[in-house]
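> Mind having a look at this structure? Questions to follow.
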């Protein structure tokens with residue numbers, strides 16, 4: 001298979017994204033550290049950049065928003081009482097929520113900030129300008145809680161759960177302590193420890209991607225056969241591989257949006273990973289009991 005044109009195209013887009021951020025640093029520089037002068041605005045600018053780039057390429061019915069997921073303990077469908085023993089629950093504030101607003105309503109909206117029901121959540125993405133040592137477990141925990149809110153059933157009733165949202169942590173650059181013997185192994189250990197004491201862990205509740213756009217990617221492999229664990233692998237980005245991070249995000253979002261549990265449409269050929277590109281590291285696996 002080929003796809004080189006698509007790889008080159010996505011690489012150019014990521015390079016442009018990173019250049020745009022560096023222009024922001026150039027115009028509003030910090031006097032005593034790397035980055036822009038105002039930390040809060042610095043981080044929001046990165047979130048806005050990632051949202052803008054995702055919104056360019058996703059189907060029109062998907063909005064790239066920020067805000068909260070609210071799971072009300074109410075009837076669903078015509079007679080669904082699967083939440084009768086629950087209480088109303090909501091997430092923490094989430095950096096990016098990819099939401100199917102064409103098919104699902106919104107509780108409240110303030111510009112791009114929203115409160116949404118779980119049925120329409122296609123992806124939840126944590127965004128960091130620089131990924132630091134303390135961020136990995138914290139963000140994985142927040143994504144786990146968001147995914148737990150989004151366990152909902154389809155038209156077939158309680159035995160047919162729809163595919164959960166794609167979960168990701170993305171940063172422009174990694175600030176993980178450089179003295180560590182192996183960054184990818186250390187990050188996977190942080191991911192694994194987040195889920196170590198979770199009961200009845202589902203594959204869909206596990207983070208799908210953690211990456212620094214211009215450095216490395218860690219991703220969860222597709223499940224095969226009898227599902228007992230989620231396997232993770234790592235890639236160190238080589239020359240001309242800046243496309244990897246954005247492609248993982250787009251592929252993950254589209255794989256949920258076009259999943260058979262959500263709609264009867266075949267996913268288009270839209271992303272292209274290098275054929276026969278070996279993984280740089282098989283990082284390990286995390287036990288899980290069910291797909292969703």
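> Looking at the stretch 137-172, which of its residues are buried (at least 17 other Cβ atoms within 10 Å of the Cβ), more than 13 Å from the chain's Cα centre (by Cα) and in contact (Cβ under 8 Å) with a residue 60 or more places away in the chain?
Residues satisfying the conditions are 149, 150, 152, 153, 161, 162, 163, 172.
> Check residue 83 against each of (1) at pLDDT 90 or above; (2) more than 27 Å from residue 111 (Cα to Cα) and name the one condition it does not meet.
(1)
> Hey, another quick one. Do any residues in the stretch 274-292 that are on the phi > 0 side of the Ramachandran plot have Cβ atoms under 7 Å from those of residues that are surrounded by 15 or more Cβ atoms within 10 Å (Cβ to Cβ) and in a strand (DSSP E or B), where the two are at least six apart or on different chains, and which pairs are they?
284/232
> Take the stretch 211-235 and flag every residue that is within 15 Å of the chain's Cα centre (by Cα), in contact (Cβ under 8 Å) with a residue 60 or more places away in the chain and under 17 Å from residue 274 (Cα atoms).
213, 218
> State whether the residues of the stretch 173-184 include one that is within 16 Å of the chain's Cα centre (by Cα) and buried (at least 17 other Cβ atoms within 10 Å of the Cβ). Write out each step before concluding.
Kept after step one, since they are within 16 Å of the chain's Cα centre (by Cα), are these residues of the stretch 173-184: none.
No.
> When the residues of the stretch 186-210 are narrowed to those that are part of a loop (DSSP other than H, G, I, E, B) and in contact (Cβ under 8 Å) with a residue 24 or more places away in the chain, which ends up surrounded by the fewest Cβ atoms within 10 Å (Cβ to Cβ)?
Taking the stretch 186-210 first, the residues part of a loop (DSSP other than H, G, I, E, B) are 196-201, 206-208.
If we keep only those that are in contact (Cβ under 8 Å) with a residue 24 or more places away in the chain as well, we get 198, 200-201, 206-208.
Numbers: 198: 16, 200: 8, 201: 19, 206: 24, 207: 27, 208: 29.
Restricting to residues being part of a loop (DSSP other than H, G, I, E, B) and in contact (Cβ under 8 Å) with a residue 24 or more places away in the chain, the top hit is 200.
> So, one more: Here are some residues: 67, 111. Which one is modelled with pLDDT of 85 or more and closer than 19 Å to residue 165 by Cα? Before the answer, list the steps.
Values: 111 fails: closer than 19 Å to residue 165 by Cα.
None of the other options fit; the residue is 67.
> Checking the structure you have, find out if any residue of the stretch 36-58 is assigned to a loop (DSSP other than H, G, I, E, B), under 23 Å from residue 213 (Cβ atoms) and at pLDDT 85 or above.
Initial filter on the stretch 36-58 (assigned to a loop (DSSP other than H, G, I, E, B)): 37-38, 58.
Next cut, under 23 Å from residue 213 (Cβ atoms) only: 37-38, 58.
Next cut, at pLDDT 85 or above only: 58.
Checking the stretch 36-58: at least one residue is assigned to a loop (DSSP other than H, G, I, E, B), under 23 Å from residue 213 (Cβ atoms) and at pLDDT 85 or above.
> Filter the stretch 55-76 down to the residues that are exposed (fewer than 14 other Cβ atoms within 10 Å of the Cβ) and in contact (Cβ under 8 Å) with a residue 40 or more places away in the chain and list them by number.
Residues of the stretch 55-76 exposed (fewer than 14 other Cβ atoms within 10 Å of the Cβ): 56, 60, 73-75.
Answer for the stretch 55-76, where residues must be exposed (fewer than 14 other Cβ atoms within 10 Å of the Cβ) and in contact (Cβ under 8 Å) with a residue 40 or more places away in the chain: just 60.
> Looking at the stretch 234-289, which of its residues are at pLDDT 90 or above, over 26 Å from residue 10 (Cα atoms) and exposed (fewer than 14 other Cβ atoms within 10 Å of the Cβ)?
260, 287, 289
> From the list 49, 143, which one is in contact with a helix residue (DSSP H, G or I) (Cβ under 9 Å, 6 or more places away or on another chain) and closer than 30 Å to residue 266 by Cβ? Lay out the reasoning, then the answer.
Details: 49 fails: closer than 30 Å to residue 266 by Cβ.
Among 49, 143, only 143 is in contact with a helix residue (DSSP H, G or I) (Cβ under 9 Å, 6 or more places away or on another chain) and closer than 30 Å to residue 266 by Cβ.
The values are calculated or read from the model by the stated rules, or taken from the named source; none is laboratory data. Keep in mind that what you see is a predicted model, and the values were worked out from it rather than measured. Ideal geometry is used to build each Cβ from the backbone, glycine not excepted, and the neighbour counts take in all protein chains shown.
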